[in-house]
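Engineer: Sharing a structure, written as structure tokens. Questions coming.
Nothing in this text is a laboratory measurement; each read-out follows from the coordinates by a stated rule. A quick note: this is a predicted structure, and the numbers were derived from the prediction, not measured. Cβ atoms come from the backbone with ideal geometry, glycine included; neighbour counts cover every protein chain shown.
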Amino acid sequence: ATPAAVIAALGRLAGTGVLIKGGSALERLAGVTAFAFDKTGTLTEGKLELGDVVPLAGTTPEQLLRTAATAEQRSEHPLARLILREAAARGLEVPSADEFQARPGAGVTATAAGAAIVVGTRRLVEECGIVLPPEAVTALERLDAAGQTSLVVARDGGVLGVLGARDTLRPEAAQVLADLRALGVSPIALLTGDRAAVARAIAEQLPVTEVHAELLPAQKASIVGSGQWIVGSEESRNDESRDVTAEPPVAEPGSELLTSHRSLTIAYVGDGINDAPALARAGVGIAIGGGRGTDVAAEAGDIVMMGEPLKPLPLLVGLSRETVRIIR
Ligand code: ADP
Ligand code: MG
């Protein structure tokens with residue numbers, strides 16, 4: 001590669017807060033035809049607000065929040081920060097946990113004062129051998145219908161209740177995705193660990209072409225990785241056959257809609273520890289940096305957006321193509 005062309009492109013990115021780890025990332029981006037985006041903290045602000053608080057019989061809202069906060073203290077997930085903020089706002093004293101384990105894409109498990117606490121998805125709670133009572137199932141369905149992200153709080157094998165959270169779309173997200181499409185990028189997929197109904201509510205506001213929900217971090221990676229090894233084939237780059245106005249199809253959890261686009265090179269954009277595997281397997285991993293303490297995503301990414309999270313993407317794609325054209 002000609003360093004001068006790369007350096008010139010990097011110069012135009014100065015001030016945008018974009019960090020490119022080596023010239024080859026920019027070259028690879030020039031061959032990218034498809035983008036996949038994480039939802040929480042990437043397309044959305046990740047500044048969650050508390051939604052419904054649904055304690056089951058025998059539990060108070062305060063007990064529910066305090067138990068959740070106890071388990072979430074060492075988690076850096078936006079849901080954890082929300083719960084701790086809410087517990088503090090209500091003046092709740094949060095006992096510290098003895099053992100703590102983060103389950104990326106699922107929740108957290110902890111023990112405190114001899115009690116085992118599980119906070120997270122319905123699937124995580126069930127995997128811990130806990131049966132969801134019908135009231136909890138009803139509450140989860142209601143939160144789904146309201147487009148709220150939900151989490152189940154269990155203690156010593158019993159469900160205490162369910163919490164809901166609302167997130168807002170980044171104001172620039174729709175325009176950035178539209179600009180990428182104008183540059184010929186397609187498909188554009190939304191990948192999330194959240195429920196399909198919540199993913200759909202966000203996708204409706206965006207020009208995405210497909211939605212995959214309830215994904216564990218490894219599943220995000222396998223969807224992204226399935227397209228990475230055939231770098232930028234000409235046919236796929238010119239694929240304009242997709243109907244832009246149609247409702248994006250929603251894949252059944254775990255299925256792999258994107259395998260029909262195996263020939264595409266995929267860039268993945270994500271912000272969290274749960275995105276690190278997908279960032280590493282993408283043709284180009286683009287991380288939103290500077291957010292969470294340990295910044296696992298920034299380490300895994302080839303490109304890091306330290307300033308404005310999504311806005312530089314169309315410029316980056318344009319510059320990458322220009323750079324490659326100059327070099328060749
Ligand atoms: P996304 O892919 O949208 O960034 P995640 O993969 O981080 O979402 O999380 C998927 C789901 O797992 C969340 O919707 C939530 O139900 C659950 N979850 C993840 N982390 C936590 C946590 N720290 N506490 C509670 N629930 C969590
Ligand atoms: Mg995220």
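Engineer: Do you know the relative contact order of the chain, to the nearest whole percent, from alpha carbon pairs under 8 angstrom that are 6+ apart?
Structural biologist: 24
Engineer: Follow-up question, since we're still on this one. Cut-off under 17 Å on the C-alpha distance; same-chain residues fewer than 8 positions from residue 220 excluded. Which lysines are left, in chain and number order?
Structural biologist: The qualifying lysines are 39.
Engineer: Between residue 182 and residue 85, what length in nm is gained on full extension when 0.36 nm per residue of separation is reduced by their alpha carbon distance?
Structural biologist: Net length gain for the segment: 30.9 nm.
Engineer: Let me ask something else about it. Between rounded, prolate and oblate, where does the stretch 49-166 land on the alpha carbon gyration tensor, with a ≥ b ≥ c its root eigenvalues, rounded for a/c under 1.5, else prolate if a/b exceeds b/c?
Structural biologist: Cα axes put the stretch 49-166 in the rounded bin.
Engineer: Also: How much FRET efficiency would the formula 1/(1 + (r/R0)^6) give for residue 325 and residue 205, where r is the Cβ-Cβ distance and R0 is 30 Å, rounded to 0.05?
Structural biologist: 0.30
Engineer: To continue, here is another question. Within the chain, which whole H helices from DSSP have a Cα span along their axis of at least 24 Å and a mean Kyte-Doolittle hydropathy of 0.5 or more, if any?
Structural biologist: None clear 24 Å together with a mean of 0.5.
Engineer: On to the next question. Of the candidates 283, 301, 129, which one comes out as most mobile in a Gaussian network treatment of the chain with C-alpha springs shorter than 10 Å?
Structural biologist: 129
Engineer: According to the square roots a ≥ b ≥ c of the eigenvalues of the Cα gyration tensor, what is the shape class of the chain, taking rounded for a/c under 1.5, prolate for a/b larger than b/c otherwise, and oblate for the remainder?
Structural biologist: Prolate, since a/c reaches 1.5 and a/b exceeds b/c.
Engineer: Relative to the present Cα-Cα distance, how much length would full extension add between residue 63 and residue 50 at 0.36 nm per residue of separation?
Structural biologist: Fully extending the segment from residue 63 to residue 50 adds 3.1 nm.
Engineer: Could you give the nm distance between label points at residue 174 and residue 308, where each point is 7 Å from its Cα heading toward the beta carbon?
Structural biologist: Those two pseudo-labels are separated by 1.7 nm.
Engineer: Just for the chain, what percent of DSSP beta bridges are antiparallel, to the closest 5?
Structural biologist: 60
Engineer: Here is a follow-up. I need the P(r) histogram for the stretch 179-230: all alpha carbon pairs, bin width 10 Å from 0 out to the longest distance, whole percents.
Structural biologist: Once binned at 10 Å, the Cα pair distances of the stretch 179-230 give 24, 48, 28, 1.
Engineer: So if we plug the beta-carbon distance of residue 142 and residue 8 into 1/(1 + (r/R0)^6) with R0 = 56 Å, what FRET efficiency do we get, rounded to 0.05?
Structural biologist: 0.55
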